[in-house]
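The values are calculated or read from the model by the stated rules, or taken from the named source; none is laboratory data. All of these numbers come straight from a predicted model, not from anything done at the bench. Here the Cβ positions follow ideal geometry from the backbone for every residue, glycine too, while neighbour counts run over all protein chains shown. With ligands, DNA and RNA removed, areas are computed over all heavy atoms of the protein, side chains included. Shrake-Rupley method; radii C 1.70, N 1.55, O 1.52, S 1.80 Å.
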Amino acid sequence: MLNLKSIFRDGFFGLPSTGQKDWKLNPLTLTYSGGIRKYEKAFRDDYYTHSLNTMRFSLVLSLFFFGIFAFLDALLLPELKHMFWIIRFGIICPLLTAVIVFSFSPAFKKFMQPVLGAIMYITGLSIIVMTIFATNKAGNYTYYAGLFLIFIIGYTFIKARFIYATVVGWSIVATYEVAAIWISDTPLEILINNNFFFISANVIGMFISYYMEQSARKDFYMRILLEQEQEKVQAANDALEKRVQERTKQLTLANRDLKKEIEIRKQHEME
(Lines give C-alpha, C1' and ligand atoms only; values in the text may rest on other atoms or scores of the structure.)
Protein backbone atom coordinates (compact mmCIF):
# COMPACT_ATOMS: atom_id res chain seq x y z
CA MET A 1 0.00 0.00 0.00
CA LEU A 2 1.29 3.48 -0.93
CA ASN A 3 2.59 5.38 2.07
CA LEU A 4 2.46 9.12 1.34
CA LYS A 5 4.28 9.96 4.56
CA SER A 6 7.27 7.84 3.59
CA ILE A 7 7.29 9.36 0.09
CA PHE A 8 7.70 12.86 1.45
CA ARG A 9 10.08 11.72 4.19
CA ASP A 10 12.37 9.94 1.75
CA GLY A 11 12.45 12.90 -0.62
CA PHE A 12 10.48 11.32 -3.49
CA PHE A 13 9.85 14.78 -4.93
CA GLY A 14 13.42 15.92 -4.37
CA LEU A 15 12.52 18.20 -1.49
CA PRO A 16 14.86 18.54 1.50
CA SER A 17 13.87 16.03 4.13
CA THR A 18 15.02 14.98 7.57
CA GLY A 19 14.93 11.37 6.41
CA GLN A 20 18.18 11.86 4.52
CA LYS A 21 21.13 11.26 6.79
CA ASP A 22 23.32 14.32 7.44
CA TRP A 23 21.42 16.29 4.77
CA LYS A 24 19.36 19.14 6.18
CA LEU A 25 18.23 22.32 4.44
CA ASN A 26 15.95 25.09 5.56
CA PRO A 27 12.85 24.38 3.43
CA LEU A 28 12.19 28.09 2.89
CA THR A 29 15.62 29.67 2.35
CA LEU A 30 17.47 26.46 1.33
CA THR A 31 20.37 27.35 3.64
CA TYR A 32 22.24 24.48 5.28
CA SER A 33 20.99 23.60 8.75
CA GLY A 34 21.83 21.16 11.50
CA GLY A 35 25.29 19.65 11.45
CA ILE A 36 26.12 20.98 7.98
CA ARG A 37 25.36 24.63 8.77
CA LYS A 38 29.11 25.25 8.96
CA TYR A 39 29.38 24.74 5.19
CA GLU A 40 27.02 27.63 4.31
CA LYS A 41 29.74 30.27 3.86
CA ALA A 42 31.89 27.87 1.86
CA PHE A 43 28.91 27.10 -0.41
CA ARG A 44 28.18 30.78 -1.02
CA ASP A 45 31.82 31.40 -1.92
CA ASP A 46 31.79 28.41 -4.25
CA TYR A 47 28.44 29.44 -5.76
CA TYR A 48 29.74 32.95 -6.41
CA THR A 49 32.88 31.65 -8.11
CA HIS A 50 31.02 29.25 -10.38
CA SER A 51 28.17 31.70 -11.14
CA LEU A 52 30.13 34.82 -12.01
CA ASN A 53 30.77 34.21 -15.71
CA THR A 54 27.26 32.89 -16.33
CA MET A 55 25.78 35.89 -14.53
CA ARG A 56 27.83 38.33 -16.63
CA PHE A 57 26.76 36.60 -19.84
CA SER A 58 23.10 36.71 -18.77
CA LEU A 59 23.39 40.46 -18.15
CA VAL A 60 24.97 40.97 -21.56
CA LEU A 61 22.15 38.94 -23.09
CA SER A 62 19.58 40.98 -21.15
CA LEU A 63 21.23 44.17 -22.36
CA PHE A 64 20.98 42.99 -25.96
CA PHE A 65 17.35 41.90 -25.83
CA PHE A 66 16.19 44.91 -23.83
CA GLY A 67 17.75 47.12 -26.46
CA ILE A 68 16.59 45.17 -29.49
CA PHE A 69 12.96 45.49 -28.42
CA ALA A 70 13.22 49.19 -29.26
CA PHE A 71 12.31 48.14 -32.81
CA LEU A 72 9.05 46.79 -31.43
CA ASP A 73 8.37 50.15 -29.80
CA ALA A 74 8.80 51.91 -33.12
CA LEU A 75 6.59 49.39 -34.91
CA LEU A 76 3.70 49.08 -32.44
CA LEU A 77 3.71 52.39 -30.57
CA PRO A 78 5.50 55.06 -32.59
CA GLU A 79 3.81 57.80 -30.57
CA LEU A 80 5.41 56.46 -27.37
CA LYS A 81 8.72 55.23 -28.72
CA HIS A 82 10.75 58.23 -27.56
CA MET A 83 9.62 57.85 -23.95
CA PHE A 84 10.16 54.08 -24.10
CA TRP A 85 13.63 54.57 -25.57
CA ILE A 86 14.51 56.89 -22.68
CA ILE A 87 13.55 54.07 -20.31
CA ARG A 88 15.48 51.48 -22.33
CA PHE A 89 18.63 53.37 -23.26
CA GLY A 90 18.65 56.09 -20.63
CA ILE A 91 17.93 53.99 -17.53
CA ILE A 92 17.96 50.21 -17.91
CA CYS A 93 20.82 49.69 -20.38
CA PRO A 94 23.23 51.96 -18.43
CA LEU A 95 22.15 50.24 -15.20
CA LEU A 96 22.84 46.76 -16.62
CA THR A 97 26.19 47.97 -17.96
CA ALA A 98 27.08 49.40 -14.54
CA VAL A 99 26.34 46.06 -12.88
CA ILE A 100 28.51 44.22 -15.42
CA VAL A 101 31.39 46.63 -14.72
CA PHE A 102 30.80 46.36 -10.96
CA SER A 103 31.01 42.56 -11.19
CA PHE A 104 34.75 42.87 -11.87
CA SER A 105 35.25 44.57 -8.51
CA PRO A 106 36.23 42.46 -5.45
CA ALA A 107 33.43 44.22 -3.51
CA PHE A 108 30.81 42.71 -5.82
CA LYS A 109 31.05 39.35 -4.05
CA LYS A 110 29.46 40.80 -0.92
CA PHE A 111 26.60 42.52 -2.77
CA MET A 112 26.01 40.14 -5.69
CA GLN A 113 22.65 38.70 -4.59
CA PRO A 114 21.04 42.01 -3.45
CA VAL A 115 22.28 43.72 -6.61
CA LEU A 116 20.86 40.98 -8.84
CA GLY A 117 17.54 41.18 -6.99
CA ALA A 118 17.46 44.97 -7.39
CA ILE A 119 18.30 44.88 -11.09
CA MET A 120 15.66 42.21 -11.64
CA TYR A 121 12.97 44.31 -9.94
CA ILE A 122 13.95 47.61 -11.59
CA THR A 123 13.93 45.98 -15.02
CA GLY A 124 10.52 44.45 -14.32
CA LEU A 125 9.26 47.80 -13.03
CA SER A 126 10.34 49.50 -16.24
CA ILE A 127 8.31 47.01 -18.27
CA ILE A 128 5.30 47.59 -16.02
CA VAL A 129 5.62 51.36 -16.57
CA MET A 130 5.72 50.83 -20.33
CA THR A 131 2.73 48.50 -20.04
CA ILE A 132 0.73 51.18 -18.23
CA PHE A 133 1.46 53.81 -20.88
CA ALA A 134 0.84 51.33 -23.71
CA THR A 135 -2.54 50.47 -22.16
CA ASN A 136 -3.68 53.98 -21.29
CA LYS A 137 -2.36 55.85 -24.33
CA ALA A 138 -2.72 53.31 -27.13
CA GLY A 139 -4.94 50.51 -25.84
CA ASN A 140 -2.08 48.00 -26.25
CA TYR A 141 -2.27 45.15 -23.72
CA THR A 142 0.66 43.04 -24.92
CA TYR A 143 3.64 44.72 -23.27
CA TYR A 144 3.18 42.79 -20.03
CA ALA A 145 4.57 39.73 -21.88
CA GLY A 146 8.04 41.20 -21.46
CA LEU A 147 7.83 40.26 -17.79
CA PHE A 148 8.04 36.59 -18.80
CA LEU A 149 11.59 37.24 -20.00
CA ILE A 150 12.37 38.81 -16.64
CA PHE A 151 11.15 35.66 -14.89
CA ILE A 152 13.09 33.37 -17.21
CA ILE A 153 16.36 35.21 -16.70
CA GLY A 154 15.77 36.11 -13.05
CA TYR A 155 14.83 32.63 -11.86
CA THR A 156 17.38 30.70 -13.89
CA PHE A 157 20.08 32.36 -15.93
CA ILE A 158 21.13 35.28 -13.76
CA LYS A 159 22.11 32.96 -10.86
CA ALA A 160 20.08 34.73 -8.20
CA ARG A 161 19.52 32.47 -5.21
CA PHE A 162 16.00 31.12 -4.66
CA ILE A 163 15.08 33.37 -1.75
CA TYR A 164 16.12 36.56 -3.60
CA ALA A 165 14.53 35.56 -6.90
CA THR A 166 11.27 34.60 -5.17
CA VAL A 167 10.95 37.81 -3.19
CA VAL A 168 11.65 39.90 -6.28
CA GLY A 169 9.37 37.77 -8.47
CA TRP A 170 6.37 38.22 -6.20
CA SER A 171 7.22 41.90 -5.74
CA ILE A 172 6.95 42.30 -9.52
CA VAL A 173 3.63 40.43 -9.46
CA ALA A 174 2.30 42.70 -6.70
CA THR A 175 3.48 45.83 -8.52
CA TYR A 176 1.80 44.68 -11.71
CA GLU A 177 -1.46 44.02 -9.89
CA VAL A 178 -1.45 47.50 -8.36
CA ALA A 179 -0.61 49.09 -11.72
CA ALA A 180 -3.13 47.05 -13.71
CA ILE A 181 -6.02 47.56 -11.28
CA TRP A 182 -5.60 51.09 -9.93
CA ILE A 183 -3.41 52.92 -12.45
CA SER A 184 -4.17 51.59 -15.93
CA ASP A 185 -7.50 51.01 -17.65
CA THR A 186 -7.14 47.26 -18.02
CA PRO A 187 -10.40 45.45 -18.90
CA LEU A 188 -11.35 42.72 -16.47
CA GLU A 189 -11.09 39.89 -19.01
CA ILE A 190 -7.63 41.07 -20.08
CA LEU A 191 -6.55 41.33 -16.43
CA ILE A 192 -7.77 37.81 -15.65
CA ASN A 193 -6.09 36.42 -18.77
CA ASN A 194 -2.79 38.15 -18.00
CA ASN A 195 -2.83 37.00 -14.38
CA PHE A 196 -3.34 33.37 -15.35
CA PHE A 197 -0.18 33.38 -17.45
CA PHE A 198 1.71 35.83 -15.28
CA ILE A 199 1.25 34.09 -11.92
CA SER A 200 1.70 30.64 -13.48
CA ALA A 201 5.04 31.71 -14.99
CA ASN A 202 6.13 33.08 -11.63
CA VAL A 203 5.23 29.89 -9.74
CA ILE A 204 6.94 27.68 -12.33
CA GLY A 205 10.01 29.94 -12.13
CA MET A 206 10.03 29.51 -8.35
CA PHE A 207 10.09 25.72 -8.62
CA ILE A 208 12.84 25.83 -11.24
CA SER A 209 14.95 28.12 -9.06
CA TYR A 210 14.23 25.96 -5.99
CA TYR A 211 15.37 22.73 -7.60
CA MET A 212 18.38 24.37 -9.26
CA GLU A 213 19.72 25.73 -5.97
CA GLN A 214 18.92 22.52 -4.13
CA SER A 215 20.83 20.57 -6.78
CA ALA A 216 23.77 22.97 -6.51
CA ARG A 217 23.81 22.56 -2.73
CA LYS A 218 23.66 18.77 -3.01
CA ASP A 219 26.53 18.73 -5.49
CA PHE A 220 28.61 20.96 -3.23
CA TYR A 221 27.88 18.80 -0.18
CA MET A 222 28.75 15.64 -2.12
CA ARG A 223 32.06 17.24 -3.09
CA ILE A 224 32.72 18.04 0.56
CA LEU A 225 32.01 14.42 1.54
CA LEU A 226 34.19 13.16 -1.31
CA GLU A 227 37.06 15.38 -0.24
CA GLN A 228 36.68 14.17 3.34
CA GLU A 229 36.75 10.54 2.20
CA GLN A 230 39.80 11.23 0.06
CA GLU A 231 41.51 12.79 3.07
CA LYS A 232 40.66 9.71 5.14
CA VAL A 233 42.02 7.40 2.43
CA GLN A 234 45.14 9.52 2.13
CA ALA A 235 45.60 9.49 5.91
CA ALA A 236 45.15 5.70 5.94
CA ASN A 237 47.68 5.35 3.11
CA ASP A 238 50.15 7.57 4.93
CA ALA A 239 49.70 5.57 8.15
CA LEU A 240 50.11 2.30 6.23
CA GLU A 241 53.20 3.57 4.46
CA LYS A 242 54.66 4.66 7.79
CA ARG A 243 53.98 1.23 9.29
CA VAL A 244 55.55 -0.44 6.26
CA GLN A 245 58.63 1.75 6.60
CA GLU A 246 58.89 0.98 10.30
CA ARG A 247 58.40 -2.74 9.66
CA THR A 248 60.96 -2.68 6.86
CA LYS A 249 63.41 -0.95 9.15
CA GLN A 250 62.82 -3.58 11.83
CA LEU A 251 63.31 -6.40 9.34
CA THR A 252 66.48 -4.78 8.01
CA LEU A 253 67.91 -4.53 11.51
CA ALA A 254 66.85 -8.08 12.32
CA ASN A 255 68.41 -9.34 9.09
CA ARG A 256 71.65 -7.53 9.88
CA ASP A 257 71.74 -8.99 13.38
CA LEU A 258 71.06 -12.45 11.96
CA LYS A 259 73.93 -12.11 9.49
CA LYS A 260 76.26 -11.08 12.30
CA GLU A 261 75.15 -14.05 14.41
CA ILE A 262 75.75 -16.42 11.47
CA GLU A 263 79.23 -15.03 10.91
CA ILE A 264 80.05 -15.38 14.60
CA ARG A 265 78.87 -19.00 14.61
CA LYS A 266 80.87 -19.75 11.49
CA GLN A 267 83.93 -18.25 13.10
CA HIS A 268 83.40 -20.30 16.25
CA GLU A 269 83.02 -23.48 14.18
CA MET A 270 86.25 -22.74 12.34
CA GLU A 271 88.04 -22.18 15.63
Full-extension gain in nm, H268 to A42, via 0.36 nm per residue minus C-alpha separation
74.2 nm
Hey, which aspartates and glutamates would be in cross-link range of K266, C-alpha to C-alpha under 15 Å, not counting anything within fewer than 8 residues on its own chain?
D257
Cα-based shape type of region 81-195, given that a ≥ b ≥ c are square roots of the gyration tensor eigenvalues and the cut on a/c is 1.5:
oblate
Rg over Rh, two decimals, region 201-271 (C-alpha only, Kirkwood Rh):
1.71
Selected from I190, I122, I204 as most flexible by GNM, with the chain as the system and alpha-carbon contacts under 10 Å:
I190
Spin-label model distance (nm) - E177 vs F196, 7 Å beyond Cα toward Cβ:
1.9 nm
Could you tell me, in Å, what Rg and Dmax come out for the Cα atoms of region 145-222?
14.6, 53
If I fit a long axis through the Cα atoms of helix 188-270 and take the longest principal axis of the Cα atoms of the chain, what angle between them do I get, 0 to 90°, rounded to 10?
10 degrees
Could you give the nm distance between label points at A70 and E261, where each point is 7 Å from its Cα heading toward the beta carbon?
9.6 nm
Zone reached by a paramagnetic label modelled 7 Å from I91 Cα along Cα→Cβ, restricted to region 66-83 with backbone N below 14 Å, covers 82-83
Once both axes come from the Cα atoms, what is the angle between helix 93-102 and the longest principal axis of the chain, in degrees from 0 to 90, rounded to 10?
20 degrees
Once Rh is set to the Kirkwood radius over Cα pairs, what Stokes-Einstein translational diffusion coefficient, in µm²/s, holds for the chain at a temperature of 20 °C and a viscosity of 1.002 mPa s?
92 µm²/s
Exposed chymotrypsin sites (Phe, Trp or Tyr not before Pro) being those in a DSSP loop with at most 10 other Cβ atoms within 10 Å, the longest stretch of the chain free of them is 105-271
In Å², and per residue, what accessible area does region 113-271 have when probed at 1.4 Å with the other protein chains present?
60 Å²
Compute the helix-to-body angle for 108-138: its Cα long axis versus the longest principal axis of the chain, expressed 0 to 90° and rounded to tens.
20 degrees
For region 254-271 and region 155-229, compute the distance between their C-alpha centroids and round to whole Å.
86 Å
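For the cross-link pairs K38/K110; K24/K159; K41/K232; K81/K159, which exceed 25 Å when the distance is taken from alpha carbon to alpha carbon? Intermediate values should be presented prior to the final figure.
Numbers: K38/K110 18 Å; K24/K159 22 Å; K41/K232 23 Å; K81/K159 32 Å.
Exceeds cut-off: K81/K159.
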